[in-house]
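The block underneath contains the structure these notes are about, expressed in structure tokens.
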Amino acid sequence: MLRMTQPQITIWSAALAGVLTLAAPAAAESPSAVVLMYHRFGENSIPSTNIRLEQLDAHIAYLKDGGFSVLPLADVVTALQAGSALPPKSVAITIDDAYASVAREAWPRFKRSGFPFTVFVATKAVDDRERGIMSWDQIRALADDGVGIGGHGHAHAHMPALSLEAVRADLATMNRRFVDELGAKPTLFAYPFGETGEIEKQFVREAGYVAAFGSNSGPVYGEADMFFLPRFALNENYGAMDRFKLVTNTLPLRAVDVRPRSSVLAVNPPIVSFRVVDGPELKQLSCFGPNGTRLPLSIGADRVTVSPGKAFPPGRSRVNCTVRAAGRWHWWGHEMIAGGVSEGVAVHPRHLTASDE
Ligand SMILES: [Zn+2]
């Protein structure tokens with residue numbers, strides 16, 4: 001990864017974090033940013049995916065007044081991939097599923113604030129004119145206004161539950177529908193439900209995408225897997241200002257070489273391990289699993305190893321590792337999918353034979 005030396009940004013960043021010292025500035029780290037994930041706005045009957053309008057207004061006010069740079073998601077991804085500098089406290093805004101409340105509530109507010117954002121669209125719901133989903137006319141109007149449009153599959157399927165043929169077909173149909181309706185296909189993708197395995201990532205890349213997002217928590221960073229980038233989910237429960245302030249001020253815990261390689265588990269419980277590059281002191285590192293349980297971990301010379309001990313329940317489980325250093329939280333979040341039926345689907349048997357080196 002190309003490293004740019006940007007001493008003025010390092011110093012400015014240190015001053016913002018309240019840790020300016022007379023010591024020589026540390027070598028510039030590769031870029032990082034916080035990516036936010038919303039779904040619905042002011043649809044208060046569905047709190048699990050909704051953000052109340054007064055919460056949204058408070059988020060916008062905080063981003064405006066708090067020294068943040070709200071950037072187009074595509075610019076953040078380009079910087080991550082080029083290793084070029086991003087301003088300190090860079091944030092990108094994403095919205096999944098193209099609900100009608102995006103056009104009605106979020107768009108005018110973000111536009112007034114000068115905040116770019118990206119909408120990840122699952123094309124079948126738009127084709128089917130599903131109630132509460134934007135029309136292609138509305139999506140075209142957003143795109144014409146400079147809003148980023150990203151891919152979110154055609155049928156919004158749990159991709160690890162599909163056969164390989166079905167994964168490929170879903171991506172192809174999505175791309176065709178984007179070309180038909182918008183004249184081009186997007187370059188950024190978000191996995192429906194944040195679920196992916198290794199081969200799904202490869203298929204997304206082969207379908208012409210340059211990066212893809214899950215819904216695991218944590219800031220994005222240059223060393224991260226560009227086809228499983230994290231985002232912080234915001235809904236009514238997770239949208240209160242104390243959490244919003246916490247997540248928007250996080251720095252990455254730069255985990256690399258994460259094992260098991262596929263987040264669709266062939267062995268459950270997994271032994272999760274990773275290396276940390278350019279990391280803070282890890283002595284105080286804590287990792288949490290399903291239901292916020294603290295997980296046993298060991299910090300070796302080379303790798304952090306997290307041993308849940310107890311099998312993860314069927315479906316998605318998250319592991320979040322955090323450590324505080326110099327007044328800032330460093331955060332790495334991972335999401336894994338265990339076999340068994342969850343939300344009416346089970347992972348496809350093809351995963352059970354996957355090698356898990
Ligand atoms: Zn979705």
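The values are calculated or read from the model by the stated rules, or taken from the named source; none is laboratory data. The shown structure was predicted, so the numbers you read here are calculated from the model rather than taken from an experiment. Glycine also receives a Cβ, built like all others from the backbone with ideal geometry; neighbour counts cover every protein chain displayed. Heads up: the accessible areas ignore ligands, DNA and RNA and are worked out on the full protein's heavy atoms, side chains in. Shrake-Rupley method; radii C 1.70, N 1.55, O 1.52, S 1.80 Å.
Residues of region 300-342 that are under 18 Å from Pro192 (Cα atoms), open to solvent by 30 Å² or more (accessible area, probe 1.4 Å) and out of contact with any strand residue (DSSP E or B) (no Cβ under 6 Å at 6 or more places or on another chain): Gly339, Val341.
Which residue is nearest to Tyr99 (Cα to Cα), if the candidates are limited to region 127-175 and must be hydroxyl-bearing (Ser, Thr, Tyr) and open to solvent by less than 40 Å² (accessible area, probe 1.4 Å)? Checking each candidate, the answer is Thr173.
Determine, yes or no, whether Gly194 is open to solvent by less than 10 Å² (accessible area, probe 1.4 Å), outside the structural domain of Val347 (by TED's automatic domain parsing), touching a Pro at 6+ places or on another chain (Cβ under 6 Å) and within 14 Å of the ligand (Cβ to nearest atom). Walk me through it before giving the result.
On the way: open to solvent by less than 10 Å² (accessible area, probe 1.4 Å): yes; outside the structural domain of Val347 (by TED's automatic domain parsing): yes; touching a Pro at 6+ places or on another chain (Cβ under 6 Å): no; within 14 Å of the ligand (Cβ to nearest atom): yes.
So Gly194 does not fit the description; no.
The one condition from (1) open to solvent by 20 Å² or more (accessible area, probe 1.4 Å); (2) outside any helix (DSSP H, G or I); (3) of a type in the set (A, V, I, L, M, F, W, C) that Ala212 does not meet is (1). Do we find that Gly218 is touching a strand residue (DSSP E or B) at 6+ places or on another chain (Cβ under 8 Å), among the small types (Gly, Ala, Ser) and not assigned by TED's automatic domain parsing to the domain that holds Ser90 in this structure? So Gly218 fails the test. Checking each residue in region 267-287 for being within 22 Å of the chain's Cα centre (by Cα) and open to solvent by 60 Å² or more (accessible area, probe 1.4 Å) picks out Arg275, Asp278. Quick check, is Val345 in contact with a strand residue (DSSP E or B) (Cβ under 8 Å, 6 or more places away or on another chain) and in the same structural domain as Phe274 (by TED's automatic domain parsing)? No. Of all the numbered requirements in (1) part of a loop (DSSP other than H, G, I, E, B); (2) at pLDDT 95 or above; (3) touching an Asp or Glu at 6+ places or on another chain (Cβ under 8 Å), Asp225 misses one, and that requirement is (3). For region 100-157, a residue qualifies if it is in contact (Cβ under 8 Å) with a residue 12 or more places away in the chain, within 14 Å of the ligand (Cβ to nearest atom) and assigned to a loop (DSSP other than H, G, I, E, B), and the qualifying residues are Ala122, Gly132, Met134, His152, Gly153, His154, Ala155, His156, Ala157.
Ser317 satisfies every condition listed in (1) in a loop (DSSP other than H, G, I, E, B); (2) under 29 Å from Val34 (Cα atoms) except (1). The number of residues in region 30-52 being in contact with a Lys or Arg (Cβ under 8 Å, 6 or more places away or on another chain), away from the ligand (no atom under 16 Å from the Cβ) and open to solvent by 40 Å² or more (accessible area, probe 1.4 Å) comes to 1.
Here are some residues: Val258, Val167, Val204. Which one is of a type outside the set (S, T, N, Q) and part of a strand (DSSP E or B)?
Values: Val167 fails: part of a strand (DSSP E or B); Val204 fails: part of a strand (DSSP E or B).
None of the others qualify; the one that does is Val258.
Could you tell me whether any residue of region 289-301 is assigned to a strand (DSSP E or B) and of a type in the set (Val, Ile, Thr)? Checking region 289-301: at least one residue is assigned to a strand (DSSP E or B) and of a type in the set (Val, Ile, Thr). Condition check for Leu182 on (1) within 16 Å of the ligand (Cβ to nearest atom); (2) free of Cβ contacts under 8 Å to residues at least 60 places away in the same chain: one failure, at (1). Going by the conditions given, is Asp356 at pLDDT below 95, assigned to a loop (DSSP other than H, G, I, E, B) and at positive phi? No. Only one of the numbered conditions (1) within 16 Å of the ligand (Cβ to nearest atom); (2) closer than 25 Å to Glu195 by Cα; (3) not hydroxyl-bearing (Ser, Thr, Tyr) is violated by Pro72, and that is (1).
In this structure, does Leu188 turn out to be over 26 Å from Gly309 (Cβ atoms) and within 16 Å of the ligand (Cβ to nearest atom)? Steps first, please.
Working: over 26 Å from Gly309 (Cβ atoms): yes; within 16 Å of the ligand (Cβ to nearest atom): yes.
Criteria met by Leu188.
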